[in-house]
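The structure appears below as C-alpha cells.
The values are calculated or read from the model by the stated rules, or taken from the named source; none is laboratory data. This is a predicted model, so every value here is computed, not measured. Ideal geometry is used to build each Cβ from the backbone, glycine not excepted, and the neighbour counts take in all protein chains shown.
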Amino acid sequence: MGWIVDVGDREWKPLEKPVLPYELKTAVDPQKVEELPPEFREIMVRGGLTPDTYEIRSADDLDLDTGYLNTEEIRELLRSLPLEITYADRNDRVVFFSESRLGKGFVRTKTVLGRRVEFCHPPRLEKLIRSVIDDLKSGKANYREFWTRIRDRVVRVLIVAARNDAGEYLGAVEIVEDLTEVINRADEIKKRIVVL
C-alpha cells in the first residue's frame, strides 16, 4: 500500500490471509457456463467442464513457505544445482552436505557429519573458519566470500549466516561453486548474455 498511500513507518498487515490460486476449490456449474459471453462459453465447452483437481501439496510434503517439496524432491533438487552446500547448525556441527551432479568442489564424506565445522577444513584454515563463524553468529557479518583453486579449477566459497525471521542465528551455510568456465571464457560468455 505504501506506493499508493503514504503510510509512514507503519507496516501494512492484512486482517485476513490472502487466498492463493492453488487454494481455490471451484467447480463450473453448467448453468453458469450458459451465462458466459459466447467466446468464453466456446472455450469452456471445448476445454471441457471438468475442473482441475491437481493438489499442489501432498501429505508427505514439507511447507517451505514458498512452496512444497517432499524429501526425495529436495534431495534431487540439491543434487541438480551447479554448487555444493554444507550446513553447520547453531552448535557449529556439520549436519548436512549436498553432492552436485554438475560439479565437484571439495571432497567430503559422511564422516564430517557431527564434526565441528572448523575441523572439516585443513588445519591451516581452522582459525579463519572459526573467526568467520564467530562473525556470523555475532551479526558482525551476514556472509564472507573467498576464492581458491582446487587443482585447475577456480572456486568461489561463500559462508552465509542462516537466520530465522526474528534474526536469530540458526547456523552457517557454506556454498562451493566452480566458476572456472566463467573466468576462463568471460568474453565468450558476455556474448551469450541475453535479456530475459
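Residues checked against (1) more than 27 Å from Glu177 (Cα to Cα); (2) part of a helix (DSSP H, G or I):
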| residue | (1), (2) |
| --- | --- |
| Glu42 | yes, yes |
| Thr53 | yes, no |
| Arg75 | no, yes |
| Val95 | no, no |
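For the range 42-62, the criterion of being in contact with a Lys or Arg (Cβ under 9 Å, 6 or more places away or on another chain), within 20 Å of Ala162 (Cα to Cα) and at pLDDT 90 or above is met by none of the residues. Scanning for something aromatic (Phe, Trp, Tyr), in a strand (DSSP E or B) and touching a strand residue (DSSP E or B) at 6+ places or on another chain (Cβ under 7 Å), does the range 98-113 turn up at least one residue? No, the range 98-113 has no match at all.
Quick check: is even one residue across the range 156-173 in contact with an Asp or Glu (Cβ under 6 Å, 6 or more places away or on another chain), under 28 Å from Thr71 (Cβ atoms) and in contact (Cβ under 8 Å) with a residue 24 or more places away in the chain?
Step one: filter the range 156-173 for residues in contact with an Asp or Glu (Cβ under 6 Å, 6 or more places away or on another chain), giving 156, 158-159, 171.
Narrowing the set further to residues that are under 28 Å from Thr71 (Cβ atoms) leaves 158-159, 171.
Restricting the remaining residues to those that are in contact (Cβ under 8 Å) with a residue 24 or more places away in the chain gives 159, 171.
Looking through the range 156-173, at least one residue is in contact with an Asp or Glu (Cβ under 6 Å, 6 or more places away or on another chain), under 28 Å from Thr71 (Cβ atoms) and in contact (Cβ under 8 Å) with a residue 24 or more places away in the chain.
Of all residues being among the acidic types (Asp, Glu) and free of Cβ contacts under 8 Å to residues at least 24 places away in the same chain in the range 174-196, which is nearest to Leu102 (Cα to Cα)? Just the residue, please. Selected residue: Glu181. Condition test on Ile175, is it surrounded by 13 or more Cβ atoms within 10 Å (Cβ to Cβ), at pLDDT below 90 and out of contact with any helix residue (DSSP H, G or I) (no Cβ under 8 Å at 6 or more places or on another chain)? No: the conditions fail for Ile175. Among the candidates Ala162, Ala166, the residue that is in contact with a strand residue (DSSP E or B) (Cβ under 8 Å, 6 or more places away or on another chain) and of a type outside the set (Ser, Thr, Tyr) is uniquely Ala162. Arg144 meets each of the listed conditions (1) at pLDDT 95 or above; (2) surrounded by 17 or more Cβ atoms within 10 Å (Cβ to Cβ); (3) under 15 Å from Glu84 (Cα atoms) apart from (3).
Which one of these is more than 19 Å from the chain's Cα centre (by Cα) and buried (at least 16 other Cβ atoms within 10 Å of the Cβ): Asp135, Asp152? Break it down into steps so the answer makes sense when it comes.
Values: Asp152 fails: buried (at least 16 other Cβ atoms within 10 Å of the Cβ).
On inspection, the qualifying residue turns out to be Asp135.
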